[in-house]
Every structure is written in structure tokens, then in C-alpha cells.
Amino acid sequence: MASLERPDAVRVDGVRGCNLVGTETVRCSSKEDICMRYLAPTDIDAVKKLCREVFPIEYPDYWYSEITSNRQLFSMAASTCSDNRVIALLVAEIKTLNQCNPEDRDILAKSFPANTQVAYILSLGVSSEFRRRGLASRLLDHFIQYLTTGFGTAGDTKAIYLHVLCENHSAIHLYQKRHFQKHATLPHYYRIDQSMRDGYTYVLYVNGGEPPWSVQECCKAAFGVLFYPLRRFVRLLTFDLRRFLVNHLAPP
């Protein structure tokens with residue numbers, strides 16, 4: 001299970017983020033040796049190991065430093081309670097629409113201004129040893145809940161988006177189950193093993209956010225406006241004809 005960004009797409013300067021401050025660890029269940037917590041600088045080696053196992057692309061060293069120490073990023077981990085080993089993570093940032101990469105600035109309807117707040121999931125991955133335990137779902141659900149419960153400025157977020165490899169069917173299934181919509185196909189978006197691979201952009205609209213109109217929706221709306229007078233005329237004509245028949249053909 002993995003959602004990933006390109007290494008050259010990493011941008012953390014000037015990000016409006018969650019400003020999380022917390023070192024608490026929460027045990028998922030008394031029956032599980034799994035806890036949820038925020039990443040810390042001491043996790044950097046464990047995070048490198050996990051990312052190299054889970055993701056097919058190589059991230060630069062400064063990226064690991066940022067996601068484990070920059071409190072403007074939402075960096076949450078699932079770890080083993082017994083030895084505190086990082087086994088899953090979700091990293092996201094909150095920023096404005098005009099801070100997005102050019103290919104992502106059209107994820108919202110045109111009515112939303114350029115300073116509208118959106119959330120970008122940089123990475124979501126689970127160690128192969130701990131898959132099929134719902135860890136990715138828990139991390140994702142926690143982040144969605146954080147953005148939709150109105151905590152601080154998080155409630156101003158209008159869309160959550162991410163990039164995923166086209167062939168990553170398990171991740172795509174997870175996002176679709178949580179009502180993420182496929183927004184765009186990104187040809188040759190990733191370079192993996194010296195070959196270019198396509199990606200998708202998936203978006204979840206929250207807190208009143210709306211998607212841009214598709215060509216089909218634009219055509220439908222245009223036809224609706226153009227043919228509204230004709231429909232009204234036909235409706236009135238039908239009503240008058242029905243009234244005429246009732247008044248003149250009804251038995252005495």
C-alpha cells in the first residue's frame with residue numbers, strides 16, 4: 001500500500017501546516033502491539049528503512065529530515081508498542097491552492113480563490129509485514145477526521161489530494177472506498193528503475209469543496225440554458241392542450 005510523490009515535487013518551504021505539537025502515543029487496541037503517534041527526529045533511520053521498502057522511488061536525505069522534524073507537516077506513524085518500531089506512516093501538508101504544483105491547481109471549481117486551503121498527502125505506506133491490518137485505513141481516516149472536525153484552521157481545507165501509480169490497485173481501492181475521485185491522469189509522472197510511469201491524481205472534497213466542471217457537465221449546463229425556453233413553451237402548450245380537451249371533449 002503506497003501513495004507517493006515525486007522526489008522533485010517535494011516542497012516544504014512556506015507551507016501552511018498543522019503546527020502539531022505532541023508526543024503522545026495511543027495504543028490502537030489492548031489486543032494489538034500497535035500504537036499511533038507522531039514522527040520524531042529520532043525516527044529518521046526507521047523511516048528511511050520503511051520508505052525504501054515500501055516506495056519504488058528514492059527520496060533525498062533532506063526529505064526524511066523534514067518529515068520527522070518539521071511541525072508544519074502532518075507526520076503520523078503506526079509503530080509497535082513494544083519496541084517503538086515505525087511500521088506505517090502518513091505524511092501530509094496543508095497549503096493554499098496557488099502553492100500546488102501547476103498540474104494540481106485545477107482540483108477545485110473556478111469559484112474557489114487561489115488562496116483556498118487544500119491538503120496534499122505526500123506519502124502513505126505500510127510495511128509488508130503489517131499489511132492487511134487496516135493500518136493505512138486508520139492513518140487516512142485519522143487525517144480526514146482531523147480536517148473535517150474544525151480543529152483550528154484545518155476546517156478551512158476544501159480538498160485532500162494525492163498522487164498514486166496507475167498500477168497500484170490496492171491503494172486506489174482504498175481511496176475509492178473513502179470517496180476519493182480520480183481527477184487526472186499524469187503521463188510519465190514518475191521515473192522508476194530508469195523508466196517513466198504514469199500516475200493518477202485522486203481528490204476528496206471536504207468542508208464544502210467542489211470539483212471543477214467536466215466537459216460533459218459544461219455541455220449539459222449549456223444545453224439546459226439554451227433549451228429552457230423551449231421546454232417551458234412545450235410544457236405550457238401541453239397544459240393548454242390538455243385543458244382544451246377536458247373542456248371541449250368531456251361528456252355533457
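Read-outs: derived from the displayed coordinates by stated rules, not from any lab. The structure presented is a predicted model; accordingly, all values stated were derived computationally and were not measured. Reconstructed Cβ throughout: ideal geometry from the backbone, glycine too, with neighbour counts over all protein chains shown.
Before moving on, here are some points about what is shown:
- Residue tally, condition of a type in the set (Gly, Ala, Ser), within 20 Å of the chain's Cα centre (by Cα) and within 16 Å of Ser127 (Cβ to Cβ), over segment 53-85: 2
- Residues of segment 175-197 include at least one that is at negative phi, touching a strand residue (DSSP E or B) at 6+ places or on another chain (Cβ under 9 Å) and part of a helix (DSSP H, G or I).
- Each residue in segment 37-82 was checked for being among the β-branched types (Val, Ile, Thr) and without any contact (Cβ under 8 Å) to a residue 40 or more places away in the chain, and 3 pass.
- Annotation: of all residues in segment 92-144 being of a type in the set (Lys, Arg) and in contact (Cβ under 8 Å) with a residue 12 or more places away in the chain, the one that is surrounded by the most Cβ atoms within 10 Å (Cβ to Cβ) is Lys95.
A quick yes/no check of all residues on (1) more than 10 Å from the chain's Cα centre (by Cα); (2) charged (D, E, K, R); (3) farther than 16 Å from Phe55 by Cβ:
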{"site": "Ala159", "(1), (2), (3)": "no, no, yes"}
{"site": "Ala171", "(1), (2), (3)": "yes, no, no"}
{"site": "Met196", "(1), (2), (3)": "yes, no, yes"}
{"site": "Tyr202", "(1), (2), (3)": "no, no, yes"}
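- Within segment 58-69, the set of residues being crowded, with 18+ Cβ neighbours inside 10 Å and not in a helix (DSSP H, G or I) comprises Tyr59 only.
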